[in-house]
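This report concerns only the one structure given below.
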Amino acid sequence: MCGIAGIIYRNGGGQEQVGRDMTRMLQAMKHRGPDSTGFALYRGAGDTYVMHVKLSESTEHDPDLERRMQRQRGEVETRMRAAGARIEEIKEAPRTMTVIFDFDGDLRTLADAVERVRRTEVLSLGRSLEIVKDLGDANTVAGEYGLGAFTGTHAIGHARMATESDVDIANAHPYWAYPFPDVAVVHNGQLTNFHDWRRRLTRAGHRFHSDCDSEIIAVYLAEQMSRGRSLEEAMHQSLQDLDGVFTYICVTEDSLGVAKDELGAKPLVLYEDDEIVALASEEIAIRQVLDREIETHDPYEGEVRVWSR
Amino acid sequence: MSEQPRMDERGLVELDDSIPKQAKIDGSSAVIEARDMTTRKINAELRWLIYEEGVTDVTVRDPSARHSLGVAILARCRIRFEGSLGYFGCGLIDGPEVEITGRVGWSVAENMMSGVVVVESNAGSLAGAALRGGDLVVKGDVGARTGIDQKGGTIIVLGNAASMTGFMMQRGRQIILGDVGHGLGDSMYDGTIYVGGEVASLGIDCVDAEWTDADTELVERKFSIYGLGKPPELRKLVSGKKLYNYDNLEPSERRLVL
C-alpha cells in the first residue's frame with residue numbers, strides 16, 4: 001500500500017521545520033506502511049556538498065559490526081580525500097555516516113569511489129538533499145537520526161509496506177537518482193515493466209542497489225534529465241514509458257513534482273496555496289501540518305504537476 | 001492532535017470500544033466534539049446516540065479527515081459532519097440523511113442501501129461504489145471510477161468526474177454536470193448516465209440514447225429536491241447491450257441442445 005508525502009514551502013528561506021513536519025505526516029500514515037520509513041529532506045542551498053552513506057543493513061547480525069563500520073568510515077574518508085574532496089565535517093549515525101565537503105570534480109566518480117568500499121552505499125548526494133531511511137515508523141527513524149530539528153525548504157517521505165522486495169534499508173524509499181545531485185523519488189504502487197527498464201538502464205551504465213521497482217523511477221528521471229529534459233518533461237514522458245500503477249513524487253533542489261498513472265489507481269490528496277504545497281496519500285497526513293479545515297482535491301489520472309520554490 | 005490509541009506489547013492497537021458518552025444531548029439532537037476522539041470512539045458515540053438515546057439529529061464537529069466515520073448506520077436520522085472525512089466515509093448505511101460540509105476521500109457512501117449523502121466540496125475516487133439505493137450528491141469534483149458497480153440509487157456531481165466513471169454499472173442513475181474523463185460507462189450493463197459537460201471518451205458498449213419525458217421528470221425532480229435550480233442540457237448515455245452474452249452457448253453445447 002505505502003504512504004507518500006511531500007511538502008514545499010514556496011517562499012521559505014530554508015528555515016522551515018521540514019524534519020518535524022514530515023515526521024508528523026508520515027507518522028499519521030503509519031497504517032499504510034509500517035515496515036520502513038524514509039525521508040528526503042532539503043536543507044536549503046549550501047556552498048558545500050552533503051553525502052549520506054549507508055555502512056550496514058539494519059538486518060545484519062555481525063558480531064564485529066561496530067569495528068567494521070569504523071573501518072568503513074575510515075576508508076570512505078580516505079577515498080574521498082584521494083578523489084579530491086575537501087572534507088569539512090563527518091557526522092555519525094547508527095548505520096550511516098554523513099559527510100559535508102567541498103568538491104570540484106565529477107560527482108559520479110566520487111560516488112563510485114565511495115561505493116567501492118565493501119557494503120557501502122551512497123544514499124544521497126547533493127548540495128541540499130539529505131536522505132535518511134531505516135526500519136520502523138516515522139517517530140522511530142526521526143528519533144534515531146535526530147530529524148526533529150532539521151530545518152530546510154522542502155521534503156518528501158515514504159512509509160513503506162513492502163510488496164515485491166525485502167524489508168531493509170536498501171529497498172526503502174526515497175531513492176536518490178544516482179549520479180544526479182539533489183534528485184530523489186518516493187513511489188506508491190507497482191511497476192510491471194520494471195525488469196525491462198532495469199535492463200535498459202543498466203546497459204546505459206546506471207547502477208542499482210536494490211530489487212525495488214521504485215528505484216528505476218529515480219534513475220529513469222535522472223537519465224531523461226541528463227538528456228536535457230526538464231523535470232516536468234521527464235515526468236510526462238514517464239507516463240508513457242512506465243507501466244503499472246503508480247503515484248510518485250520527485251524532488252530536485254528547487255522543485256517538487258507529482259505524477260499519477262493513467263488508471264488513477266493510487267490515491268493522492270493535494271493542498272496548495274501561495275505559501276505551502278502539501279500532498280499525501282491521505283488527507284489526515286496533511287492535517288498534521290495544516291491543522292484546520294482546508295480545501296483539498298485529488299489530482300486526476302495522467303496528471304503531472306510541478307511546483308518550484 | 002487527537003487521542004492516540006493504546007498499543008499492546010507488539011505495537012498493535014488495543015481494542016477499546018468503550019463509549020465516551022460525552023456528547024451534548026438536547027432533546028432529539030446532539031453534538032459530538034470529535035477532534036480529540038479516536039475513530040472508533042466517534043463511531044461508538046454516534047451509534048450510542050442513534051440506537052440507544054433515540055437522538056435523530058447528530059452534529060459531528062471537526063472530524064479532521066479521519067477514515068471510516070459514520071459507517072453502517074441502519075436507522076433514519078440526520079448526521080451533519082462539520083469538516084472533511086477521509087476514506088470510506090458513510091459506507092454501508094441504510095436510512096440516514098448525511099451532510100458533509102468539507103470534502104471526502106475515496107469510497108464515500110460505498111454500498112449505501114438508502115438515505116442521502118450530500119458533500120459540499122470534492123470527493124475522491126470510487127464515490128458511490130456499489131451504491132444500492134439513495135442519493136449521493138457531490139457539489140465539487142469527483143475522482144475516477146465514480147459509481148463503479150452501481151446497482152441502484154442516484155449519484156449527482158456538480159463538478160467534473162475523472163476516468164472510468166460508471167464502470168460496470170448495473171442499475172441506477174448518474175447526473176454529472178461537468179466534464180468526464182476517458183472510458184465513461186465502460187462495460188455498463190444497465191442504468192443511465194447524464195452528462196452536462198465534455199466527455200473525453202466513451203467506454204466500451206456505452207452509447208447515446210434518446211431523451212424522453214421520464215428523463216426530464218427525473219432530472220427536474222432531483223434538482224428541485226437539492227435546490228440546484230434549473231437543470232442544464234444533458235446528454236443521455238446507456239448500455240448498448242452488445243456485451244450481453246450470458247445466454248450464448250459454446251459451439252459444443254449448441255450441438256447438444258439444438
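Some notes on this structure:
- Note that region A:243-260 has calculated 3J(HN,Hα) couplings of 10, x, 10, 7, 10, 10, 10, 10, 10, 10, 3, 10, 9, 9, x, 9, 9, 10 Hz, one per residue in order, obtained from phi through the Karplus relation 6.51 cos²θ - 1.76 cosθ + 1.60 (θ = phi - 60°); glycine and proline are x.
- With R₀ set to 51 Å, the beta-carbon distance separating residue A:151 from residue B:75 gives a calculated FRET efficiency near 0.50.
- The smallest convex shape that holds all Cα atoms of region B:115-258, its convex hull, gives 115 Å³ per residue.
- Listed values for region A:222-231 are Karplus-derived 3J(HN,Hα) couplings in whole Hz (6.51 cos²θ - 1.76 cosθ + 1.60, θ = phi - 60°), namely 4, 4, 4, 5, 5, 8, x, 7, 6, 4, and x replaces Gly and Pro.
- Over region A:47-126, Cα pairs under 8 Å with separation of 6+ residues give a relative contact order of 49 percent.
- Note on B:100-106: average number of Cβ atoms from other chains within 10 Å of each residue's Cβ is 4.
- HN-Hα J in Hz across region B:94-107 - Karplus 6.51, -1.76, 1.60, θ = phi - 60°, x for Gly and Pro: 9, x, x, 9, 10, 10, 10, 7, x, 10, 10, x, 5, 6
- Less than 5 angstrom separates the built amide H of residue A:93 from those of A:98, all sequence-distant by 5 or more or on a different chain.
- Fluctuation leader among A:42, A:271, A:220 - chain A, Gaussian network, Cα springs under 10 angstrom: A:271
- Cα-based helix-to-principal-axis angle, B:213-225 vs chain B, degrees rounded to 10: 10 degrees
- Candidate aspartates and glutamates for bridging to residue B:21, where Cα separation is under 20 Å - those fewer than 8 sequence places away on the same chain excluded: B:3, B:33, B:36, B:45, B:52, B:53, B:57, B:62, B:82
- The smallest convex shape that holds all Cα atoms of region A:47-126, its convex hull, gives 78 Å³ per residue.
- Residues considered: B:142, B:219, B:58. Largest GNM mean-square fluctuation over chain B, using C-alpha springs under 10 Å, is found at B:219.
- Across region A:187-278 the C-alpha pair distances fall into 5 Å bins from zero in the proportions 3, 13, 24, 24, 20, 10, 4, 2, 0 percent.
- Under 26 Å from the Cα of residue B:241 - lysines, other chains or at least 8 residues apart: B:151
- Chain B - percent relative contact order, Cα under 8 Å, separation 6 or more: 8 percent
- Cβ crowding within 10 Å, taken as a proxy for footprinting-reagent exposure, orders A:122, B:207, A:306 from fewest neighbours to most as B:207, A:306, A:122.
- Close amide H pairs (under 5 Å, H built 1.01 Å from N) link residue A:245 with A:190, A:192, residues at least 5 positions away or on another chain.
- Largest-first principal axis extents, alpha carbons of region B:1-154, Å: 42, 40, 23
- Protection proxy ranking of A:282-289, A:103-110, B:241-248, A:250-257 - average other beta-carbon atoms within 10 Å, highest first: A:282-289, A:250-257, A:103-110, B:241-248
- A:307, B:211 arranged by Cβ crowding within 10 Å, fewest neighbours leading: B:211, A:307
- When B:18, B:163, A:58 are arranged by Cβ crowding within 10 Å, least crowded first, meaning fewest neighbours, the order is B:18, A:58, B:163.
- Proximal lysines relative to residue A:30, as straight alpha-carbon distance under 27 Å, when same-chain residues fewer than 8 apart are discounted: A:54, A:133, A:260, A:266, B:41
- For the protein assembly as shown, a Kirkwood hydrodynamic radius built from all Cα pairs, placed in the Stokes-Einstein relation at 10 °C and 1.306 mPa s, yields a translational diffusion coefficient of 62 µm²/s.
- Per DSSP, loop GluC sites (Glu not before Pro) in region B:1-68 with at most 10 further Cβ within 10 Å: B:9, B:14
Rule-based calculations on the coordinates, nothing more; no lab input. Worth saying up front: this structure is predicted, and the values here are computed from it rather than measured. Don't worry about glycine lacking a Cβ; one is built from the backbone with ideal geometry, like all the others, and counts go over all protein chains shown.
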